[in-house]
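Undergrad: The following block contains the structure, expressed as C-alpha cells.
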Amino acid sequence: MSVLLLSAAACGGGGAAPAGPGAASSSPSPTTSSVPSSPTPPPPMPLPSPSGPPQSRPTQGTPPGDTAPAPGQLDASALPGGYPHDVTLAQGGKVVVIHADEAGCDHIMAAAGEQTAQQAVVIVTVTKAPHGQMCPMHVREVSLPVPLAEPLGGRKLVLRPGP
C-alpha cells in the first residue's frame, strides 16, 4: 500500500482518495482564494509586420513586382486545351513567367523561341506519362521563368506548343 501512495504522490495524484480500508483521509481543507474560478485568456499578441518582401509567391493574382501583359499583348491561341497560359512579366519585362499546375507524372517546360522586333515567342511543352503508367495523385504549382533577349515592351507575346 505504501508503494501505491508514493506512486500517486510522485505523479501528482495528491487529490486521489487513498485505497484500502482504514486509510486516513488527507484531503486538503477548502480554502478561499482571490483568484477567479475561470481565468480569462490573455489577449492575442499582434503579429509583427514583415520588414521585407514576402518569402513565397502568392498562389493567386499577380506576384509582387510582376506585371501582367497589356490587354491584347498575349496570344495563346495556338496552345491546345490544358496547356498553361497564365503569364506575368518580371524584371521589367525581361523575364516571362509561365504559371502552371503540374499533376502526377506530367512535366511542364518553357523556353524562349524566335524573338523579333514585333513579337517574342515562348515554347511551352507538356510531357504526359505513357498510357497505363501509375502516377501519384498530386498537383504542384510551378512558375517557369523564361528570360528574353530584350524586355518585351510593346511586342506581342506568343505562346506556342513544343514538340
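Undergrad: Between a residue in segment 126-139 that is closer than 16 Å to Tyr83 by Cβ and any residue that is open to solvent by 80 Å² or more (accessible area, probe 1.4 Å), which pairs come within a Cβ distance under 7 Å, given they are 6 or more apart or on different chains?
TA: Thr127/His107; Val139/Asp101
Undergrad: In segment 132-150, what residues are open to solvent by 60 Å² or more (accessible area, probe 1.4 Å) and modelled with pLDDT of 95 or more?
TA: Within segment 132-150, the first condition is being open to solvent by 60 Å² or more (accessible area, probe 1.4 Å), and the residues that meet it are 132-134, 136-141, 145, 147, 149-150.
Within segment 132-150, Pro145, Pro147, Ala149, Glu150 meet the criteria.
Undergrad: On to the next question. Give the residues of segment 129-163 that are among the β-branched types (Val, Ile, Thr) and within 21 Å of Leu89 (Cβ to Cβ), sorted by residue number.
TA: Taking segment 129-163 as the starting set, the residues that turn out to be among the β-branched types (Val, Ile, Thr) are 139, 142, 146, 158.
Once the filter is applied, which keeps residues that are among the β-branched types (Val, Ile, Thr) and within 21 Å of Leu89 (Cβ to Cβ), segment 129-163 yields Val142, Val146, Val158.
Undergrad: Then there's this: Restricting attention to segment 84-93, and to residues there that are out of contact with any Ser or Thr (no Cβ under 9 Å at 6 or more places or on another chain) and open to solvent by less than 60 Å² (accessible area, probe 1.4 Å), which single residue is modelled with the lowest pLDDT?
TA: Among those residues, the one meeting the criterion is Pro84.
Undergrad: Please state which of the following conditions Pro64 fails to meet, knowing it meets all the rest: (1) in contact (Cβ under 8 Å) with a residue 24 or more places away in the chain; (2) open to solvent by 60 Å² or more (accessible area, probe 1.4 Å).
TA: (1)
One line per residue, one yes/no per condition, for (1) over 27 Å from the mean Cα position of the chain (by Cα); (2) modelled with pLDDT of 80 or more; (3) surrounded by 10 or more Cβ atoms within 10 Å (Cβ to Cβ):
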residue	(1), (2), (3)
Ser37	yes, no, no
Thr40	yes, no, no
Ser51	no, no, no
Gln55	no, no, no
Pro58	no, no, no
Ala68	no, yes, yes
Val95	no, yes, yes
Asp106	no, yes, yes
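The values are calculated or read from the model by the stated rules, or taken from the named source; none is laboratory data. Just so it is clear, the model here is predicted, and its values are computed rather than measured. Heads up, the Cβs are rebuilt from the backbone with ideal geometry, glycines too, and the neighbour counts pull from every protein chain shown. Accessible surface areas use protein heavy atoms only, side chains included; no ligands, DNA or RNA. Shrake-Rupley method; radii C 1.70, N 1.55, O 1.52, S 1.80 Å.
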